[in-house]
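Below: one structure, written as structure tokens.
The values are calculated or read from the model by the stated rules, or taken from the named source; none is laboratory data. Treat the numbers as computed from the prediction; the structure is a model and nothing was measured. Neighbour counts are summed over all protein chains in view; Cβ atoms, including those assigned to glycine, are modelled from backbone coordinates with ideal geometry.
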Amino acid sequence: MTKTLEPGLYIVATPIGNLSDLSSRAADILKQADVIAVEDSRVTGKLLNHLGIKRPMTPYHDHVAEGVRPALVARMASEAVALVSDAGTPLISDPGYKLVRDARAAGHAVTTIPGPCAAIAALTLAGLPTDRFLFVGFLPSKAKARAEAIAEISAIRATLILYESGPRLGATLAALASGLGDREAAVAREISKMFEECVTGTLSSLSQRYADAPPKGEIVIIVSPPRQEAAVTDEAMIDAALREALSRLPPAKAVGEVSKAMKLDRQELYARAMALQGK
């Protein structure tokens, strides 16, 4: 085969379940890469066997990354290096961002071949707001650290996306219910596989469901944003919202917009708006 790939780093998204989800472009990159950096050669080997591809693989995961990264970056000067994770898009709760950073710093081309991502796929299944979301990744395993991490994100007005394992699922859902309140949520697992499911309910009901019956497979938790009436509305936030609205609307309409969005008294807001304008 005549080599057509330019030297550099190619970030290749691979299937999270159904092997048919691999794009034809991703398959072509894997076929032509000089070397494929992998988390687990056994996992990637199955994908390559499915595609009928035989390419050199080299380990790249948390335990070896620091030691192998310099040599891998050096190879990019003359070779096409493909980076894959065990499943989904590399760098999403997987090692890799330092490799991208160092490759770019060394002047090598960096290209991404987008594709499956469990976080985004689960978000589309959950039926919860998608206009603003935060990917949290895995919470800490110890109860105290986990509670502290949940407290840090409790006031964020966005849908939350978390990864979790089956044995820890029930405890994590209970901790989320305790720290966030009993919000609407969804548990998606085995996405794109034969036993794909997405179970919805409140955090407390889901924690009870999985307390004594931990599921198998790859799991994503989706949690709805805090209710608007519970959102923090301190004076600085109110003034900022008023100033922004006043910059584009007449006072009455600006006050009406902010009153509706923040569920605040219209008359009090109007007086505040006049004060901001020095009237």
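Things worth noting here:
- Test: residue in segment 171-191 that is outside the structural domain of ASP265 (by TED's automatic domain parsing), surrounded by 17 or more Cβ atoms within 10 Å (Cβ to Cβ), of a type outside the set (A, V, I, L, M, F, W, C) and on the phi > 0 side of the Ramachandran plot: yes
- Among all residues of segment 255-263, there is none that is surrounded by 12 or more Cβ atoms within 10 Å (Cβ to Cβ), more than 30 Å from ILE153 (Cβ to Cβ) and over 36 Å from the mean Cα position of the chain (by Cα).
- Segment 27-44 - residue that is surrounded by fewer than 23 Cβ atoms within 10 Å (Cβ to Cβ), out of contact with any helix residue (DSSP H, G or I) (no Cβ under 9 Å at 6 or more places or on another chain) and hydrophobic (A, V, I, L, M, F, W, C) and, of those, nearest to ASP94 (Cα to Cα): VAL43
- Filter result for the condition that a residue is of a type in the set (Gly, Ala, Ser), in the same structural domain as ALA109 (by TED's automatic domain parsing) and free of Cβ contacts under 8 Å to residues at least 40 places away in the same chain, over ALA33, ALA80, ALA37, ALA74: ALA74
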